[in-house]
Every structure is written in C-alpha cells, then in structure tokens.
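Only one structure is covered here, and it is reproduced in the block below.
Every number in this text was worked out from the coordinates using simple rules, so none of it is lab data. Note that the structure is a prediction, hence the values are computed from the model and not measured. Every residue, glycine as well, gets a Cβ built from its backbone with ideal geometry; the counts of neighbours run over all protein chains shown.
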Amino acid sequence: MFLYMANMQQKYNVPVTISLIQAGILNTSELDERLSRLMREGNKLATLFTANLIREAVLTPNPAAERIDFQACLSVIDSMMREVAPLVPKTVKKLWLDLREEKTDSVDADLGSDDDLKLNESYVKVFAEWVTLVSNPTTRRAHRLAFVHQMHAQGILGDDVISTAFYRVNLQMAIGSYYKFSPATPSNEIYRVIDALAFLFTSVVEFNGGEHGGDHVRVLYFSKLLSLILLVFMDLHEEFGDQFQQKPFFRLLSTMLTSMLRDSEETFAPIEFEVLAVFGEALHVLEPNYFPDFTFSWWALVSHQYFMPRLLLLPDNKVP
C-alpha cells in the first residue's frame, strides 16, 4: 500500500494521494484508519496532511471522496476541538468550521496565527507545571503562592491582556480534559486538571491581595475570573450544542467555593460576604431559564454547603 511503502516526503503529498484515490489504487478505509491513528499519536505532520487532504478530496467541486470516507479522522478532529482547541493548528480549525458549514470569512480573525499557537503552547506548559505541583501531596500553600509569584515575575500574570489569554487557554484545556475520559475512569483522575485550575484561581486571588491592595483587590480579581469562566461557559455551550457537558463547570465552580471558603478560610473570611455576592451574581447569569441543560448543576451550586448555608447566616446588614 502506498502509505506504507513510500518515503516520508511522498507519503504526505496531497495531489498524489488524491490521484491514487481517484484511480482506485488507494483504499480510503485503510487510509482513514492509518491517518486517524497517526493523529491520535500526536503526529503534527500527519494531522496537517490529513486536514489538507480532506479539504481537497471532499470540499472541491469534483470531490474524490465523501466525508464518510474519513469518518475516523473527522472524529479525531472533533475530539481535538473539544479537548485541546487552543492548540489545534489554524488549518485544522478552518477545516472543522468549513465542514460544519459555517462562514469562515467572519471567523478568520478567531483562528489564530502561528505565533498565537506558540503562545498557547507556552501557556499550557506553564499550567502543566502547576498541575504537577498541586498534584504532589507534599505541596503546601507557600509553594503554591511562590509559583504564582514566579508567574507574575515572568510577566504571565502581570499584564491584563496576557493573563486573560493565559486563563482562557487553560480554562478551555481544563474543561476539554473532561471529554477525554470514559465514565469508568476514577473521578479524581477525571477532574485532576479541573481541580488544579480551581486551586490556581484561588491562589491567584489570594496572591493579588497580598502586596497589591488588600481585600478589595481580591474581590475585584475574583469577579474578573468568574466573568471569564462565564464567557467560556457560554462559548462552549453554544459550540458543543447537544454534546455540552455540565459536570466539568460544576466541578470547577464548586471546587473554587470549597477552596476559598474552607481550605483558605483564614484568607477569605474577611471578604466572605463579598465572595458570596459575586458568586451569586454568576449563578444569576447561569440560571435554568437561560441554560436548561445546566439546571441540575445550578441547583447543586445554589445549595452548596459553602454558598446557601453561608448566605443564610449573614447578618441582615450584610446580605448581598
């Protein structure tokens, strides 16, 4: 078979591959299986080749194949867009949008450049180091705050534009990580990355009140992070449609509540009322009238032991 016998340069030649498909020499089922396997293994060259091949074979006036001929490859691309969207090359993203029959001229600006892709990769690498840190049972609060301080020193969190990009990329990656696992996977493994992100948000809010303005700054920063979470929630809710899963967002928000008001109670006790008020505003945005498929998680968050019971204990003059 061509893909097994040719050298690397010939193997990824789109026009030659199209000709072989049209001549009936290349079996598309075997091709689809082989390419999808290479894509799952993380072969970037094979991934780019596959995107270009599908575009030329399927989306031209005289197609050499049908979409169903690349079912396995398209399934991998769908998974990539759900799980690691910020790291998907522009060529693959554009194909994915075209296959969804969306107008690409209005979204070209959102596809990202090669430089954006490199930045996203660097953001993900930093967050991966954080996940490793907080997954270590010997890690203490001082270690987490030292890591956040280092990110500030490196300019990742010191600039609003860069920090927002960092948070957004890793928020998408963390939520996407949920889709990788089967239901039989232990929950601590499924939510490891999401929990790490919640701990990062808590540590960043705590750090920003230390030397940069006190509790008022902490409340503002917490509000900023929740606003970003809501934006990503709405984007993914629209993008995934029927495939949208409520559990990862519930886990993220509930873990943030627990991390702030239980695990870091000493830090956040002075602003507990303000934290609950900001969180309540977020729940108002997410109410079931607007997002019915988040209803169960919404009620679970409203009745969370660190939300509603704490609200009921508020003095009358401090009710949000």
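Could you work out how much longer the chain between residue 231 and residue 14 gets when fully extended? Use 0.36 nm per residue separation minus the Cα distance between them, nm to one decimal. Each step should come with its number before you reach the end.
Values: separation 217, 0.36 × 217 = 78.12 nm, distance 3.86 nm.
Fully extending the segment from residue 231 to residue 14 adds 74.3 nm.
Provide the convex hull volume over Cα atoms per residue for segment 198-320, in Å³. Each step should come with its number before you reach the end.
Values: hull volume 12.1 nm³, N = 123.
In segment 198-320, the Cα convex hull volume per residue is 99 Å³.
Springs between alpha-carbon atoms under 10 Å, Gaussian network over the chain: tell me which of 220, 20, 301 tops the mean-square fluctuations.
Top of the fluctuation ranking is 20.
Assuming 0.36 nm per residue, please report the length gained on full extension of the stretch residue 140 to residue 217 beyond their Cα-Cα distance.
Contour length minus Cα-Cα distance gives 25.4 nm.
Work out the length of the dipole vector of the chain about its Cα centre, built from +1 on the beta-carbon of each Lys and Arg and -1 on the beta-carbon of each Asp and Glu, and round it to the nearest 20 debye.
760 debye
Only one of the listed values, (1) 23.0, 80; (2) 19.3, 67; (3) 22.8, 95, was derived from the coordinates as Rg and Dmax of the Cα atoms in Å; which label is it?
Only one option fits the structure, namely (1).
Once you've got the Cα coordinates, tell me which of 94/180; 125/247; 44/118; 90/180; 180/247; 44/93 are over 18 Å apart.
Pairs exceeding the cut-off: 94/180; 125/247; 90/180.
On each of the three principal axes of the Cα atoms of segment 237-302, give max minus min coordinate, whole Å, ordered largest first.
Result, largest extent first: 41, 19, 18 Å.
Which residue fluctuates the most in the chain, going by a Gaussian network model with Cα springs under 10 Å, if the choices are 50, 295, 138?
138
Rounded to the nearest 500 deg cm²/dmol, what is the calculated helix-only ellipticity per residue at 222 nm for the chain, with -39500 (n - 2.57) per DSSP H run of length n ≥ 4? Each step should come with its number before you reach the end.
On the way: 19 runs with 215 residues, N = 320.
When only DSSP H runs of four or more count, the value is -20500 deg cm²/dmol.
Can you name the helices of the chain, as whole DSSP H runs, whose Cα span along the helix axis is 30 Å or more and whose Kyte-Doolittle mean is not below 0.0?
Membrane-span-like by this rule: 215-240.
Grab the Cα-Cα distance for residue 37 and residue 23, subtract it from 0.36 nm times how many residues apart they are, and report the gain in nm with one decimal.
2.6 nm
Pick from 187, 203, 264: which is most flexible by mean-square fluctuation in a GNM of the chain where alpha carbon atoms under 10 Å apart are linked?
Greatest mean-square fluctuation among the candidates belongs to 187.
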